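Bear in mind that the values in this text are calculations on the coordinates, not laboratory data. This is a predicted model, so every value here is computed, not measured. FYI the Cβ positions are ideal-geometry reconstructions off the backbone, even for glycines, and counts take in every protein chain you see.
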């Protein structure tokens, strides 16, 4: 039997604008709901899941990871930001370690149009070397409300361990003391 695991974000079940989550452990999908007071129900906003990354990118400290997202947009002019994060999977939750944002401005778009946006995340020592990490991006409005969240890509980034290198090591002199 399929059992969904409820994860409530707020202690008050009727807080408008707060997300509530249902996680399906069999499919790995996390369903994001918001309470809609006009209808008196919780409405599904979007669903995300953990999927294997199509590639593994090696990075070093002081590098930046550029994540580019594409999406179709229809609607009025929009001002917000693209938010990107590097982190790890802890049970079903994305544990963010490093994040960054970039501004996102979209013109009035009456018919669906393909758009792209990117964000550059700095690789810092907050990320342990020698480990794989996951990534995701989301679009937030001007009030930092999440509008849509991508799937979480597992094993997308590997922080390369820097090993000291000694070359041309030789004795240059020796004397009696």
Answer with yes or no whether residue 40 is under 23 Å from residue 22 (Cβ atoms), more than 16 Å from the chain's Cα centre (by Cα) and surrounded by fewer than 17 Cβ atoms within 10 Å (Cβ to Cβ). yes
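If I filter segment 128-143 down to residues being in contact (Cβ under 8 Å) with a residue 60 or more places away in the chain and assigned to a loop (DSSP other than H, G, I, E, B), which single residue comes out as surrounded by the fewest Cβ atoms within 10 Å (Cβ to Cβ)? Full working, then the answer.
The initial filter retains those residues of segment 128-143 that are in contact (Cβ under 8 Å) with a residue 60 or more places away in the chain, namely 129, 132, 134-137, 139-142.
Pick out the ones that are also assigned to a loop (DSSP other than H, G, I, E, B) and you get 129, 142.
Details: 129: 15, 142: 10.
That would be 142.
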Surrounded by fewer than 17 Cβ atoms within 10 Å (Cβ to Cβ) and within 16 Å of residue 152 (Cβ to Cβ), is that true of residue 52? yes
